[in-house]
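What follows is a short report on a single structure.
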Amino acid sequence: MPAHQKYPNLFSPLDLGFTQIKNRALMGSMHTGLEELENGFERMAVYFAERARGGVGMIITGGISPNSEGGMGAKLSNAEEVEHHRLVTKAVHDADPDVKICMQILHMGPLARNDNPVAPSAIRSRIASTTPRELDEAGIEKQIADMVNCAVCAQKAGYDGVEVIGSAGYLLSTFLVEKTNQRTDQWGGPYENRMRFPVEVMRRIREAVGPNFILIFRIAAMDMLQGGMSWDEIVLLAKKMEEVGVNIISTHFTWHESAVPTIATMVPRAAFTGVTGRLKKELNIPLITSNRINMPDVAESVLARGDADIVSMARPMLADADLVNKAFEGREDEINTCIACNQACLDHTFNGMEVSCLVNPRACHETFLNYEPTVEQKNIAVVGAGPAGLAYAEVAARRGHKVTLFDAASEIGGQFNLAKRIPGKEEFYETIRYFNKMIEKRGIDVKLNTRATADVLAAEGYDKVVVATGISPRIPDIEGIDHPKAVSYIDVIKGIKPVGKKVAIMGAGGIGFDVAEKIMHSGKFAALDIDIFAKEWGIDFENHPRGGVTGVEPIVAKADREVTLLQRKSTPVGRGLGKTTGWTHRIALARRGVKMINGVEYLKIDDEGLHLMINDRYEIMDVDTVIICAGQLPLRGLYDELAEKGISVELVGGAYEAMELDAKRAINQASYLAAAV
């Protein structure tokens, strides 16, 4: 079926009167870390141009500050900075003149990473290190003027419009909420006064840029704050924005300090679009919706339901620059789907690192990592069809090498086949689907259920052998480790070994948390059901109390088990998890009744249970099952054998370095090596 019939809403144009957006697919705003680099705008130009060629109708850049107080690494306020931005707009319009690119104006306010953050009131955010300076009347006027100037500069730089972010706990949103705005002047007090600042910003921008420039206001349609904005306040603000000349309202969900996940893989697809749909009924201008919309069929269903006029997909455009073209051409099975892991994108952003993508290391690195056709075809054997082996095989074959992929298992995927079984990580099925399709498309010869030995590989005469054999679980050297109570995390995840009612998990890294999630769930998983997700995180979509969460108690279905996560380190349990998702796992397990203990020394396992020293205190945990999640060891025996035979051999992935399982590092390393072979 042609795409325009399969996705009629996604591929219909949107008329804004003075201009037209060619389809309803938006590459939403995401800070990349390139903005601050010396040659960052040259790299951004290539990055955005590739997405423009990929078929999107509109692009919104990462946040740009209007002034030094704004807190972002890059700002736009003068002629010199205009020229930097012109590199980006020219590249996008040269790639496809029909693609619109808008710049996001982002003033971080109290969350600014500088010595002088500003806010409506001197109230420190829970996630900020500094109490902001309260703006006086002159300071407020300066901030408005700087944002207007920023928009005018964006227009001069060739942008088709700007998006002003009025959500997330940044400056504009802190004026809106009573707990962060305790002023008594014209900018505080009653809601009509509290919303004056963002409304005045947009009114004055419209006056300055004229009628033929796209203005987008990003509103916190559900801020997930106790005592946050009410539904009536959101509607009133949106209507006022329409009145002062905003062309599009973009709905955002949550503040950064909220304790509700909105972007993690545990969040159901399109979980929040119904909120946008409700607001859409109140307005006459188009609305953008976002969050966990990662495939064209999801986008189409959102549009078909009338939940929005435009669908924002930010991380999915990192994962696959050609997502929209692939959908249009009916090649959905070739889409490299965003799995919402956040490991290389948002975790990097909030740690001040350059952004990339776990499933696509080229993202934001297009000037460094390219898969050029090889000038000399090689016959390559890749042993191991886990993340590293699959990435190496796909890139090498794409470049024109002849690739044979071996794996002793009956299916490709390696550790991905464990990950996909964890509640909230079902998106890994998509990654395996993608690689299966790439194997077919690239003509890779796959030999499953085959243990490739050094002798066999040597006899075949390969030009190069890549050993991606992964890891084996580390077995702690303690008495009773072979006791029937002791089971491997692999056997638990696969359902091979039974798990008792009283469980100790030995190791509290990512795998320990995954195992705890697995054994403490009962019934349908929240990631697959919006109603269950809402109950577990205390969200009331139907009545929309203040913030969507005020007064709503989370209701969690618990498995009939007592589970304790144990960690040898004295640091807080779970500290090593991802910055943007680790807190969600800690909260989720705590609500399920999982105990977490650090500073543990393991002594032995016997019929009595698990013998421990906890902070120099001897203890016996009366447990039925001890699940071993004590790290990994690299499987590199094959590499050593091949090296001894003088065969050209290379290690990648877990076989190269087996610390915590790390698909991000494995795929990145394999892709760079395969690009150079």
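Return the residue satisfying two criteria in turn: it lies in the range 114-141 and is of a type outside the set (Gly, Ala, Ser) and touching a residue at least 60 places away in the same chain (Cβ under 8 Å), and of such residues it is surrounded by the most Cβ atoms within 10 Å (Cβ to Cβ). Spell out the reasoning first.
Filtering the range 114-141 down to residues of a type outside the set (Gly, Ala, Ser) leaves 114-118, 120, 123-124, 126-127, 130-137, 140-141.
Then keep just the ones that are touching a residue at least 60 places away in the same chain (Cβ under 8 Å); that gives 120, 126-127.
Values: Pro120: 26, Arg126: 10, Ile127: 13.
That would be Pro120.
Out of the residues in the range 494-538 that are of a type in the set (Asp, Glu) and over 18 Å from Gly593 (Cα atoms), state the one that is surrounded by the fewest Cβ atoms within 10 Å (Cβ to Cβ). Break it down into steps so the answer makes sense when it comes.
Within the range 494-538, the subset of a type in the set (Asp, Glu) is 514, 517, 529, 531, 536.
In the following step, the residues that additionally are over 18 Å from Gly593 (Cα atoms) were identified as 529, 531.
Details: Asp529: 15, Asp531: 13.
The selected residue is Asp531.
Checking the structure you have, find out if any residue of the range 74-83 is at pLDDT 95 or above and closer than 23 Å to Ser290 by Cβ.
The answer is no, given that none of the residues of the range 74-83 is at pLDDT 95 or above and closer than 23 Å to Ser290 by Cβ.
Name the pairs: first residue in the range 426-445 and touching a residue at least 12 places away in the same chain (Cβ under 8 Å), second residue among the hydroxyl-bearing types (Ser, Thr, Tyr), Cβ to Cβ under 7 Å, at least 6 apart or on different chains?
Short answer, once both residue conditions are applied: Glu427/Thr265; Glu427/Thr337; Glu430/Thr337; Thr431/Thr337; Tyr434/Thr337; Asp445/Thr404.
Quick one: how many residues across the range 604-647 are of a type in the set (A, V, I, L, M, F, W, C), touching a residue at least 60 places away in the same chain (Cβ under 8 Å) and in contact with an Asp or Glu (Cβ under 7 Å, 6 or more places away or on another chain)?
The total comes to 0.
Regarding Cys341, is this residue at pLDDT below 95 and part of a loop (DSSP other than H, G, I, E, B)?
On the way: at pLDDT below 95: yes; part of a loop (DSSP other than H, G, I, E, B): yes.
Against the criterion (at pLDDT below 95 and part of a loop (DSSP other than H, G, I, E, B)), Cys341 qualifies.
Out of Ser301, Ser250, which single residue is among the polar types (S, T, N, Q) and in a helix (DSSP H, G or I)? Spell out the reasoning first.
Numbers: Ser250 fails: in a helix (DSSP H, G or I).
Of Ser301, Ser250, the one residue that is among the polar types (S, T, N, Q) and in a helix (DSSP H, G or I) is Ser301.
Would you check if Ala168 is crowded, with 17+ Cβ neighbours inside 10 Å and at pLDDT below 95? Break it down stepwise before answering.
Working: crowded, with 17+ Cβ neighbours inside 10 Å: yes; at pLDDT below 95: no.
Taking the combined requirement at face value, the residue does not satisfy it.
Considering only residues that are more than 16 Å from Gly609 (Cα to Cα) and either among the small types (Gly, Ala, Ser) or surrounded by fewer than 14 Cβ atoms within 10 Å (Cβ to Cβ) (or both), look in the range 472-486 and name the one that is nearest to the chain's Cα centre (by Cα).
Step by step, filter the range 472-486, then rank; the result is Ser472.
Residues that are hydroxyl-bearing (Ser, Thr, Tyr): find the helices (runs of 4 or more DSSP H) completely inside the range 381-483 holding 2 or more of those. Lay out the reasoning, then the answer.
Details: elements: 387-398, 416-419, 428-442, 454-460.
Output list reads 428-442.
Of all residues in the range 1-11 being under 30 Å from the mean Cα position of the chain (by Cα) and surrounded by fewer than 16 Cβ atoms within 10 Å (Cβ to Cβ), which is modelled with the lowest pLDDT? Don't jump to the end; show me each part of the working.
Quick first cut of the range 1-11, residues under 30 Å from the mean Cα position of the chain (by Cα) only: 3-4, 6-11.
From what is left, the residues that are surrounded by fewer than 16 Cβ atoms within 10 Å (Cβ to Cβ) are 4, 8.
Values: His4: 60, Pro8: 97.
Out of the qualifying residues, it is His4.
Find the residue count for the range 430-445, including only residues that are within 11 Å of Phe416 (Cα to Cα) and of a type in the set (Asp, Glu).
Counting residues in the range 430-445 that are within 11 Å of Phe416 (Cα to Cα) and of a type in the set (Asp, Glu) gives 1.
All but one of (1) part of a helix (DSSP H, G or I); (2) within 13 Å of Gly470 (Cα to Cα) hold for Leu633; state the number of the condition that does not hold.
(1)
Determine which member of the set Glu366, Glu354, Glu334 is over 16 Å from the mean Cα position of the chain (by Cα) and closer than 26 Å to Ala74 by Cα. Give the derivation first.
Working: Glu354 fails: over 16 Å from the mean Cα position of the chain (by Cα); Glu334 fails: closer than 26 Å to Ala74 by Cα.
After applying the criteria, what remains is Glu366.
Select from the range 539-564 the residues that are hydroxyl-bearing (Ser, Thr, Tyr) and within 30 Å of Asp624 (Cβ to Cβ) and list them in ascending order. If you could, list the steps in order and put the result at the bottom.
Within the range 539-564, the subset hydroxyl-bearing (Ser, Thr, Tyr) is 550, 564.
Across the range 539-564, the qualifying residue is only Thr564.
Look through the range 388-429, keep the residues that are within 20 Å of Ile496 (Cα to Cα) and out of contact with any helix residue (DSSP H, G or I) (no Cβ under 9 Å at 6 or more places or on another chain), and return whichever of them is surrounded by the fewest Cβ atoms within 10 Å (Cβ to Cβ).
Filtering the range 388-429 for residues that are within 20 Å of Ile496 (Cα to Cα) and out of contact with any helix residue (DSSP H, G or I) (no Cβ under 9 Å at 6 or more places or on another chain), the one surrounded by the fewest Cβ atoms within 10 Å (Cβ to Cβ) comes out as Ser410.
Quickly run through the range 621-677 and pick out the residues that are of a type in the set (Gly, Ala, Ser), within 18 Å of Arg474 (Cβ to Cβ) and touching a strand residue (DSSP E or B) at 6+ places or on another chain (Cβ under 8 Å).
From the range 621-677, those of a type in the set (Gly, Ala, Ser) are 630-631, 637, 643, 646, 648, 653-655, 658, 663, 666, 670-671, 674-676; that's our starting set.
Then keep just the ones that are within 18 Å of Arg474 (Cβ to Cβ); that gives 630-631, 637, 653-655, 658, 666.
Hits for the range 621-677 are Ala630, Gly631, Gly654, Ala655, Ala658.
Does Val467 satisfy the condition of being modelled with pLDDT of 95 or more, of a type outside the set (Ser, Thr, Tyr), over 27 Å from Glu332 (Cα atoms) and crowded, with 16+ Cβ neighbours inside 10 Å?
Details: modelled with pLDDT of 95 or more: yes; of a type outside the set (Ser, Thr, Tyr): yes; over 27 Å from Glu332 (Cα atoms): yes; crowded, with 16+ Cβ neighbours inside 10 Å: yes.
It is true that Val467 is modelled with pLDDT of 95 or more, of a type outside the set (Ser, Thr, Tyr), over 27 Å from Glu332 (Cα atoms) and crowded, with 16+ Cβ neighbours inside 10 Å.
Sort through Ala221, Ala238, Ala271 and tell me the only one that's touching a His at 6+ places or on another chain (Cβ under 7 Å) and at pLDDT 95 or above. Walk me through it before giving the result.
Details: Ala238 fails: touching a His at 6+ places or on another chain (Cβ under 7 Å); Ala271 fails: touching a His at 6+ places or on another chain (Cβ under 7 Å).
One residue alone meets the criteria, Ala221.
Are there helices (runs of 4 or more DSSP H) fully within the range 484-549 with at least 3 residues that are closer than 16 Å to Pro473 by Cβ? List them. Steps first, please.
Details: elements: 489-494, 510-520, 530-537.
Those helices (runs of 4 or more DSSP H) span 489-494, 510-520.
Filter the range 12-33 down to the residues that are surrounded by 23 or more Cβ atoms within 10 Å (Cβ to Cβ) and modelled with pLDDT of 95 or more, then identify the one that is farthest from the chain's Cα centre (by Cα).
Ile21
Can you confirm whether the range 349-362 contains a residue that is touching a residue at least 12 places away in the same chain (Cβ under 8 Å) and within 23 Å of Ile493 (Cβ to Cβ)? Working first, answer last.
Step one: of the range 349-362, the residues touching a residue at least 12 places away in the same chain (Cβ under 8 Å) are 349-362.
With the extra rule that they be within 23 Å of Ile493 (Cβ to Cβ), the set shrinks to 358-359.
Yes: the range 349-362 contains one or more residues that are touching a residue at least 12 places away in the same chain (Cβ under 8 Å) and within 23 Å of Ile493 (Cβ to Cβ).
How many residues are over 26 Å from the mean Cα position of the chain (by Cα), closer than 19 Å to Val244 by Cα and buried (at least 24 other Cβ atoms within 10 Å of the Cβ) when one looks only at the range 142-165?
3
Within the range 266-286, count every residue that is crowded, with 23+ Cβ neighbours inside 10 Å and either small (Gly, Ala, Ser) or more than 21 Å from Pro545 (Cα to Cα) (or both).
3
Mind checking which residues of the range 245-259 are under 17 Å from the mean Cα position of the chain (by Cα) and on the phi > 0 side of the Ramachandran plot?
The one that is under 17 Å from the mean Cα position of the chain (by Cα) and on the phi > 0 side of the Ramachandran plot: Thr254.
Just a yes or no: is a residue in the range 275-289 assigned to a strand (DSSP E or B), in contact (Cβ under 8 Å) with a residue 40 or more places away in the chain and over 24 Å from Ala388 (Cα atoms)? Spell out how you get there, then give the answer.
The initial filter retains those residues of the range 275-289 that are assigned to a strand (DSSP E or B), namely 287-289.
Subsequent filtering for residues that are in contact (Cβ under 8 Å) with a residue 40 or more places away in the chain retains 288.
Still in the running and over 24 Å from Ala388 (Cα atoms): 288.
Yes, the range 275-289 has at least one match.
The values are calculated or read from the model by the stated rules, or taken from the named source; none is laboratory data. Please read all numbers here as calculations on a predicted model, not as lab measurements. Virtual Cβ from ideal backbone geometry, glycine too; neighbours counted across all protein chains shown.
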